[in-house]
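A short reminder: the numbers here are calculations on the coordinates, not readings from a lab. Quick caveat, the model's predicted, so the values are computed rather than measured. Every residue, glycine as well, gets a Cβ built from its backbone with ideal geometry; the counts of neighbours run over all protein chains shown.
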Amino acid sequence: MASEIEQAEGALPREMQRHTYAILRRVEDSHWWFAGRRRILESFLARLVASLNLPSGARPRILDVGCGTGANLEMLARFGDAHGVDVSEDALGFCRERGLSDVRRGAAESLPFEDESFDLVTALDVVEHLDDDAAGLAEMRRVLKPGGRALLFVPAFNWLWGVQDDVSHHRRRYTLPQLRAAVEAAGFRVERATYANATFFAPILAARLLMRATGLRPASENVVNVPALNGVLGRLFGAEAVWLRRFNLPLGVSAILVARKVD
């Protein structure tokens, strides 16, 4: 995941503020937002893997760009041979604590992998961190095999900017037309694009407006939560997976895009 600029020799750019990795590791297995997002992503992944037309019994090679502290890698490992890359040694350390060994340090704009190495590349709340999103998307295309797919999940609408965008060093939030244009310019054909998390759009907007009005700035929005409600809220958010199997949502806190590598 992305981060503050480091000038030390050998350092890679754009790690999140360091304390947020420990918070992320503590909450991402149970927090309603992460749990609901994984349910939605699992629905997309099941259809994506089926569309790859691999030989019978073959498992796709999957690269998670900006793998963070590893919860998404664990999910991806159920669908294929999952590998992760991240700019942060702190994040990779948390991955290894989970027993995830196929992780490497590297930047999205300069991936440490050979051309045409993967069947599927995911970037889940990552592209918004990049100073040069075009370079990152071009690298994802480079490491994909012909006909390979990319699955992107990004925050939507700059006017929804909040504390989490600041502490995570986001560079932007996307509208669907902006995301589609960036992906197509990198040499992909967009197969699906929709907003997500319409369920909590209104309360999240209200909370961020309240934070702006009061100056409230928690260390991370991930700690602003009622743990007892994680199960209920996660199921509500994750239930969007049912709608997204057939319909695109016109509004949401996030956006999802599926694209295919084309010549």
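Each Lys or Arg adds one and each Asp or Glu subtracts one; over the other residues with Cβ under 15 Å from the Cβ of Phe247, this totals +3.
Excluding the site residues themselves, the longest part of the chain lacking any trypsin sites (Lys or Arg not before Pro) in a DSSP loop with at most 12 other Cβ atoms within 10 Å is 79-244. For the stretch 19-261, relative contact order (Cα pairs under 8 Å, six or more residues apart, normalised by length) works out to 25 percent. Indicate, rounded to the nearest 5 percent, the antiparallel portion of the DSSP beta bridges found entirely in the chain. Taking every DSSP beta bridge within the chain, about 50 percent pair in antiparallel fashion. Scaling against 2.2 N^0.38 Å puts the C-alpha radius of gyration of the stretch 124-177 at 1.24. Which of [x] 17.4, 54; [y] 19.0, 60; [z] 17.3, 57 is the computed Rg and Dmax of the Cα atoms in Å for the structure on display? Structure-derived value, by its label: [z].
Extending 7 Å from Cα along the Cβ direction at Asp102 and again at Glu74 yields two label points whose distance is 1.7 nm. In plain terms, the chain from Ala185 to Asn248 could stretch by 20.4 nm, reckoned as 0.36 nm per residue minus the Cα-Cα distance.
I'd like the distance between the alpha-carbon centres of the stretch 139-162 and the stretch 25-61, rounded to an integer number of Å. So the separation of the two Cα centres works out to 15 Å. Taking label positions 7 Å along the Cα-Cβ direction at both Trp161 and Leu209, the computed distance is 1.8 nm, reported to one decimal.
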